[in-house]
Structure formats: structure tokens, C-alpha cells
Amino acid sequence: MPSSKRRTDGQESRLHRALLALPILALCGIMARVFGMAEPIAPTLENILETSLFDWNGMNVPVLREFYGIGLLNEIFGPITVAFAQLQFFGDQRAYWQSLVFLTDYAGMYAILFLESLRPSNRKTLFQFPSLVLFLAQMIPIGFIGPLYFYLFHVFTPIEKLLSPSFHLTNWSSCAAILPTVLLAYHVPHLPSFFHTSLEARHWWNWVWQLYPVWGSLAIFLFSKVILPLGARVSPLATTQKHQTNTLRITVGILAVMNVSIYWYTLYNSTFSMSEMFVPKYFFDKPAEADVALRTIIQYDYLCTFLAGYWWLGLHFRDLQVAGICKVRFVRTICIAAIISGIFSPGTFLLLAWLAREELMASTKDE
């Protein structure tokens, strides 16, 4: 549609955008309520750290109290890695399968946050520094940090900014660096932390994985420098845009295949129904057992994180509709989202929806 016919001059108020995004902020409130369920977990973690032995349900696995050689990091991540041991050692099978799917899907969101940071319009803003957001999410659950990020992103990205040339991804080498970064910094330690035959090795790999935001920042810097000379060979604008689109499709495609593979592997091998794995049973009441409390928190973490991502993208599609770029039938879209999420995993749908939005915005470049 010609740009003259688009409604980009409406100057929607920031207050109105904040109100539209309130359901995202409500998810932060839900997670804040869920934090109260952690009470029975702390004594269990402290006991394991004191003895340096994960002794539960017939398992006796030595755990590390120090790893990074930096006292503060060891103090922060020592209890966290012990909590992850409960998820990854298969003592609580429901928690194992649920967290395996969640953390694999989460790699796609990791990629999306990095891609959003590459937009010229996000320079000198919070959104330029995804590693800071993700590092905080290692200490404060992403089910709280993620919705807050998406809420602020929507409020401070008005329609005119969304449609401006500075919002388009233009740095091909950095975009091309995202896939190897996610694979190396995230998936390489993530997968053995769930699948290694040695429980001690799983614990070791989880220590490595915990700092994936740091490893990712280093990796994307190095990969983008290595890839940069290749970008010089595709200087014509049309060729560059084509390479950009193909790069994003490959990145999303490979990460989506990994999500689907783990999701289907889980559904095939787990003896639990989807509701048993992914739907929390507590909210007003608090579980008394440490393992049930941890499992419940992780379930809410997964739901709140991806529901926030869904709403954020839904609001962006609404913006594109207001601008006259596309027409969205929201009831049908919600049904499609539910079907794709149920069959292929929530993380897969988020990736595909993000790519669809990106291609819609890219289609306006030549107009």
C-alpha cells in the first residue's frame, strides 16, 4: 500500500499504548505472586550446598559450590545450579520434561532479543543490551523479566517508529552471526545438561550454560567480525535485502526445527499428559514440598514468558493493521496460534510469528 495511504501520523499516545499492553504487565504480577511459592525450596538448596551432595530420591550426586573463579558469581549461581539439578537429574520426571521443552523454546526468544537489539532505532536504549536483560533473568525468573521487557518495548515503540527505516534490520553480518551464537553459547551447554549420561557432567554443563548471556555477547561480536567481509560482496541494496531475508529465514528455520524436535521427543517419551507437564496446579494455595514448588514456578515461568511474547507480537500486528499494511482476523489468528503452539511448541510459533512480522515490515522498504 502506498505510504501516503498509511495511517502513520496518528500519534497514538504513550498512555494508550501502555493500557493496551497492560495484560503483559499483569503477567509480572502473576509471577510476583508465584515467587511466594519458593519458601520450601531454600532450606533444601542450603542443605545440598552445605554437604556438596545432591541426595534425593535415591540419587547421590556430588555438586559444585565453585566454578567460575569469581566469588560473587559462585555465590549467585551455586544455589541456582543446584535448583537446576532437581530439574535435570530426572528425579522429578515432570519437571525434567517440562524444563527441557521450556529451555529449548527459550533459545528462540534469546535469538529474538538479540535480533531486536540490532535495530538502529534501538541504539542507546535498554533494548540494545539483551545480555543485561537475560543475565538478570538468570537470577529473577524470565517469567517476570520477560513480560517487563515486552511491555516497555511496546510502550516505547510507537507505530511511526515501527514503520521508520531505522527500525529495519540492516546489519547483515550481525544478523548472520545470531544463529552460530545461539547454537554455540546456548545449545552447546544446554543439551548435554539434560542428555549427558553422567549426572555430574550434566551439573558441570549447567554451570557453563548459566552464563550464556555473557558467552553470547562475546560470540556475536566475534562471529559478526568474521562474517563481515562476506557482507562486502553483496553490496547492491536489493541483493543485501534478499540476503537479509534469507538469513532470517534460515535462522528461524533451524531454531524452529530444534524446538519441534525436542517437543516431539518429549511428547513421545514422556508418560505424562501435556496438562500434567505444562499446566500449574497451584496459585492461591502454596505447595508444601520443595520439588512441587520448584516445578510449579517453572511452569508459570514458561507460560508467563511466552504469553508475554505472544501479546507483544499481537500488538505489533495490530500496529501494522492500523498502518494499513496488513489485515488481521484476530479470532482466527488466536486459533491458529493455539494449534501451532500445541502441535509444534509455543517457542516455534513465537519464532514463526516474529518472522512473519519481519517480512511484512520488510515488504514496505521498496514502496
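Look through 233, 249 and report the one residue that is modelled with pLDDT under 95, surrounded by fewer than 19 Cβ atoms within 10 Å (Cβ to Cβ) and basic (Lys, Arg). Of 233, 249, the one residue that is modelled with pLDDT under 95, surrounded by fewer than 19 Cβ atoms within 10 Å (Cβ to Cβ) and basic (Lys, Arg) is 233. Can you find a residue that is over 17 Å from the mean Cα position of the chain (by Cα), of a type in the set (Val, Ile, Thr) and either buried (at least 21 other Cβ atoms within 10 Å of the Cβ) or modelled with pLDDT of 90 or more (or both) anywhere in region 340-348? Checked region 340-348: at least one residue is over 17 Å from the mean Cα position of the chain (by Cα), of a type in the set (Val, Ile, Thr) and either buried (at least 21 other Cβ atoms within 10 Å of the Cβ) or modelled with pLDDT of 90 or more (or both). Listed by position, the helices (runs of 4 or more DSSP H) contained in region 151-255 that have at least 2 residues being touching a Lys or Arg at 6+ places or on another chain (Cβ under 8 Å) and more than 18 Å from residue 118 (Cβ to Cβ) are 192-195.
When you look at residue 158, is it surrounded by 20 or more Cβ atoms within 10 Å (Cβ to Cβ) and modelled with pLDDT of 90 or more, yes or no? Criteria not met by residue 158.
A search for C-beta distances below 6 Å between a residue of region 116-135 that is closer than 22 Å to residue 186 by Cα and touching a residue at least 24 places away in the same chain (Cβ under 8 Å) and any residue that is charged (D, E, K, R) and crowded, with 18+ Cβ neighbours inside 10 Å, counting only pairs 6+ apart in sequence or on different chains, returns 127/116.
Residues in region 47-57 include at least one that is over 21 Å from residue 99 (Cβ atoms), touching an Asp or Glu at 6+ places or on another chain (Cβ under 9 Å) and not acidic (Asp, Glu). Taking the numbered list (1) out of contact with any helix residue (DSSP H, G or I) (no Cβ under 6 Å at 6 or more places or on another chain); (2) crowded, with 16+ Cβ neighbours inside 10 Å in turn, residue 208 passes all entries but (1).
Here residue 81 clears all of (1) closer than 30 Å to residue 172 by Cα; (2) surrounded by 19 or more Cβ atoms within 10 Å (Cβ to Cβ); (3) among the β-branched types (Val, Ile, Thr) except the condition numbered (1).
If you go through region 62-88 and pick out every residue that is assigned to a loop (DSSP other than H, G, I, E, B), touching a His at 6+ places or on another chain (Cβ under 8 Å) and not β-branched (Val, Ile, Thr), you end up with 1. State whether the residues of region 100-123 include one that is over 22 Å from residue 311 (Cα atoms) and at pLDDT below 95. Looking for residues that are over 22 Å from residue 311 (Cα atoms) and at pLDDT below 95, one finds at least one in region 100-123, hence yes. Criterion applied to 100, 49 was being touching a Gly at 6+ places or on another chain (Cβ under 8 Å) and either among the charged types (D, E, K, R) or over 24 Å from residue 220 (Cβ atoms) (or both), and the one residue passing it is 49.
For the criterion of being of a type outside the set (Phe, Trp, Tyr) and more than 22 Å from residue 147 (Cα to Cα), residue 305 fails. Can we say residue 50 is part of a helix (DSSP H, G or I), surrounded by fewer than 16 Cβ atoms within 10 Å (Cβ to Cβ) and out of contact with any Pro (no Cβ under 8 Å at 6 or more places or on another chain)? Against the criterion (part of a helix (DSSP H, G or I), surrounded by fewer than 16 Cβ atoms within 10 Å (Cβ to Cβ) and out of contact with any Pro (no Cβ under 8 Å at 6 or more places or on another chain)), residue 50 qualifies. Within region 281-335, being in a loop (DSSP other than H, G, I, E, B) and either without any contact (Cβ under 8 Å) to a residue 60 or more places away in the chain or within 19 Å of residue 353 (Cβ to Cβ) (or both) holds for 281, 284, 285, 323, 325, 326, 327, 328, 329. Scanning region 178-196 turns up no residue that is in contact with a strand residue (DSSP E or B) (Cβ under 6 Å, 6 or more places away or on another chain) and surrounded by 19 or more Cβ atoms within 10 Å (Cβ to Cβ).
The values are calculated or read from the model by the stated rules, or taken from the named source; none is laboratory data. Remember, predicted model here, so these are calculated numbers, not experimental data. Glycine gets a Cβ as well: all are built from the backbone with ideal geometry, and neighbour counts include every protein chain shown.
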